[in-house]
Structures are given as C-alpha cells and as structure tokens.
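The structure under discussion appears below in the form of structure tokens.
The values are calculated or read from the model by the stated rules, or taken from the named source; none is laboratory data. None of these values were measured; they are calculated from a predicted model. All Cβ positions, glycine included, derive from the backbone under ideal geometry; neighbour counts span all protein chains shown.
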C-alpha cells in the first residue's frame, strides 16, 4: 500500500542520534521509499511534550501493513519521536501538486474599478465624539 508518513522528532537530538533513529525507522518500515523530504527544524503552533520546535521528516513510501504496525508501536514507545501522522494513498501520489513557492499569488489588495484608492480619504474624515 502507499503511505505518506510525517514524523516529528525532538529538536534537541544530536545529529548522529537523529540519523541512527532515521535508519531504524527506515529498517522497520522496510518498503520502497518513493520520496523523502527532510524539512528540518520548524516552530510549532503550540507546545507538544513541552517543546516549541520539532524536527520534521516526510516519507512517501510503499510498505506492508505489518511493517507499518511495527512502526506505530515503535514510535509510541520511543521518546525521541514526538508525533507521527500516517495517511493512506489509494491512487496517485500527490507529487503533481505544486508547492506554494512555485505558485504565484495575486496581490491581496486589488485597485478599485472606478480608479479611486480605497481608504485614501479616511484621514480626512472628522472624528465624532459622542459623550453624554
């Protein structure tokens, strides 16, 4: 089966220990790794296990369900792995999608059709105080 696996590891792991853990993960999964992305250290939106950052790894792979279950058990026991997310892909890999770096977004604020600038006369409006 095809899977997408996101792994969040502790940010304070030494490089050699992190590489050892990555090799252990890949050995347990024992599948065809189609694509591997090392996102590196990222800030978290909220604390997870008292950490404000995490080291991210993303795998696209084809593996057996037994190996995936072994990985789930190992990641639940291993204290160096903060979280894992596993998605099952039935059909195509999502590689055809472009990343946000490749896309060009229009500017958020579009000029008005009548040629006037929005908010240009805000500073000219008097402020009315309503004290009673």
Residues of segment 24-49 being touching a helix residue (DSSP H, G or I) at 6+ places or on another chain (Cβ under 8 Å) and in a strand (DSSP E or B), which ones? 33, 35
Inspect segment 19-26 for any residue being surrounded by 11 or more Cβ atoms within 10 Å (Cβ to Cβ) and closer than 17 Å to residue 1 by Cα and give the result as yes or no. yes
For segment 84-93, give me each residue that is exposed (fewer than 14 other Cβ atoms within 10 Å of the Cβ) and either without any contact (Cβ under 8 Å) to a residue 12 or more places away in the chain or within 21 Å of residue 18 (Cα to Cα) (or both). 85, 91, 92
Which of the following residues is in contact with a strand residue (DSSP E or B) (Cβ under 8 Å, 6 or more places away or on another chain) and either at pLDDT below 90 or in a loop (DSSP other than H, G, I, E, B) (or both): 72, 101, 88? 88
Please enumerate the residues belonging to segment 51-63 that are farther than 12 Å from residue 10 by Cα and out of contact with any helix residue (DSSP H, G or I) (no Cβ under 9 Å at 6 or more places or on another chain). 58, 62
Is at least one residue of segment 1-12 at pLDDT 90 or above, part of a helix (DSSP H, G or I), touching a strand residue (DSSP E or B) at 6+ places or on another chain (Cβ under 6 Å) and surrounded by 13 or more Cβ atoms within 10 Å (Cβ to Cβ)? no
